[in-house]
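Just below is one structure, and these are the notes that go with it.
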């Protein structure tokens, strides 16, 4: 089946060049995969589409990504049909924003290192997500909600986040922030970035202090995939019309259920399961993966 291989540079100092295209051609030819058309530049030096006769998998893809990774180039493989997506589902922590909000909140309780260690294991899929979430929130019992406001003030967007949402919305896509984090933060970030709506977990608060509990049910990896299927049904579209992006193990079912699942600065658990990864560039790489030529 013919597919598109897209090369995206991470920096003007490391542009995609003809030599990169030539080496990719050589690697593909070695695996009996040929170009089906001339390269199409989405942005000179920044991103180029290569039509190929079959999708590179396994050792072929590893060979390509290892070679191009040395020069800071990310690689995406997409189906030319339904390429521009009608729905985006994006994780928040370490994807749209540059940190784990629960870890940052824990800093105000002097527990960032302890809670951060649990978060790291959970994001690699080495701990049960629900249990790890309850444990971390439990450690924050009696923390004043002022810490939540301070944490929100410290949160920074990852590069390209605004452009990703603006460009996809202009292209007619619905954009949804779906997070295992908390609605206090997802609501503010969704508004700031321009998401159409958001979903997250809810911290129980009493007398302006955290009770140490999460209001059930917990939004976990299965809930993320369920939201994808619900939006697909309600919008009367197909999973192939969806792009999902995230970084952790709890994003994997959502990424796999989407027509285009992209791991952003992914944890090792995601690298093992997902082919399309943003390792070197920013979030705008997800736009070039869809064939966009104009980035807002």
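The values are calculated or read from the model by the stated rules, or taken from the named source; none is laboratory data. None of the values given here were measured: they were computed from a predicted structure. We place every Cβ from the backbone using ideal geometry, glycine too, and count neighbours over all the protein chains shown.
Okay, residues lined up against (1) in contact (Cβ under 8 Å) with a residue 24 or more places away in the chain; (2) under 22 Å from residue 210 (Cα atoms); (3) touching a helix residue (DSSP H, G or I) at 6+ places or on another chain (Cβ under 9 Å):
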{"site": "121", "(1), (2), (3)": "no, no, yes"}
{"site": "125", "(1), (2), (3)": "yes, no, yes"}
{"site": "128", "(1), (2), (3)": "no, no, yes"}
{"site": "151", "(1), (2), (3)": "yes, yes, yes"}
{"site": "158", "(1), (2), (3)": "yes, no, no"}
{"site": "166", "(1), (2), (3)": "yes, no, yes"}
{"site": "172", "(1), (2), (3)": "yes, no, no"}
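Which condition breaks for residue 62 when tested against (1) farther than 29 Å from residue 157 by Cα; (2) out of contact with any helix residue (DSSP H, G or I) (no Cβ under 9 Å at 6 or more places or on another chain); (3) in contact (Cβ under 8 Å) with a residue 40 or more places away in the chain?
Tallying (1) farther than 29 Å from residue 157 by Cα; (2) out of contact with any helix residue (DSSP H, G or I) (no Cβ under 9 Å at 6 or more places or on another chain); (3) in contact (Cβ under 8 Å) with a residue 40 or more places away in the chain, residue 62 fails exactly one: (3).
Count, please, the residues in region 282-296 that happen to be within 12 Å of the chain's Cα centre (by Cα) and either modelled with pLDDT under 95 or part of a loop (DSSP other than H, G, I, E, B) (or both).
Within region 282-296, residues that are within 12 Å of the chain's Cα centre (by Cα) and either modelled with pLDDT under 95 or part of a loop (DSSP other than H, G, I, E, B) (or both) number 3.
With (1) without any contact (Cβ under 8 Å) to a residue 40 or more places away in the chain; (2) touching a helix residue (DSSP H, G or I) at 6+ places or on another chain (Cβ under 6 Å); (3) surrounded by 23 or more Cβ atoms within 10 Å (Cβ to Cβ); (4) assigned to a helix (DSSP H, G or I) as the list, and residue 261 as the residue in question, which single condition is left unmet?
For residue 261, the exception is condition (4).
How about region 106-205: which helices (runs of 4 or more DSSP H) wholly inside it have at least 1 residues that are touching a strand residue (DSSP E or B) at 6+ places or on another chain (Cβ under 9 Å) and at pLDDT below 95?
Here the list reads 112-123, 129-138.
For region 230-255, how many residues are free of Cβ contacts under 8 Å to residues at least 24 places away in the same chain and surrounded by fewer than 24 Cβ atoms within 10 Å (Cβ to Cβ)?
Number satisfying all stated conditions: 5.
Taking into account only those residues within region 65-76 that are part of a helix (DSSP H, G or I) and in contact with a helix residue (DSSP H, G or I) (Cβ under 9 Å, 6 or more places away or on another chain), which is surrounded by the most Cβ atoms within 10 Å (Cβ to Cβ)?
The qualifying residue surrounded by the most Cβ atoms within 10 Å (Cβ to Cβ) is 68.
In the set 74, 91, which member is closer than 20 Å to residue 160 by Cβ, assigned by TED's automatic domain parsing to the domain that holds residue 230 and touching a residue at least 40 places away in the same chain (Cβ under 8 Å)?
91 is the lone residue from the list that is closer than 20 Å to residue 160 by Cβ, assigned by TED's automatic domain parsing to the domain that holds residue 230 and touching a residue at least 40 places away in the same chain (Cβ under 8 Å).
If I ask for residues that are farther than 25 Å from residue 252 by Cα and surrounded by fewer than 19 Cβ atoms within 10 Å (Cβ to Cβ), which ones from region 115-147 would you list?
Result: 138, 139, 141, 142, 144, 145, 146, 147.
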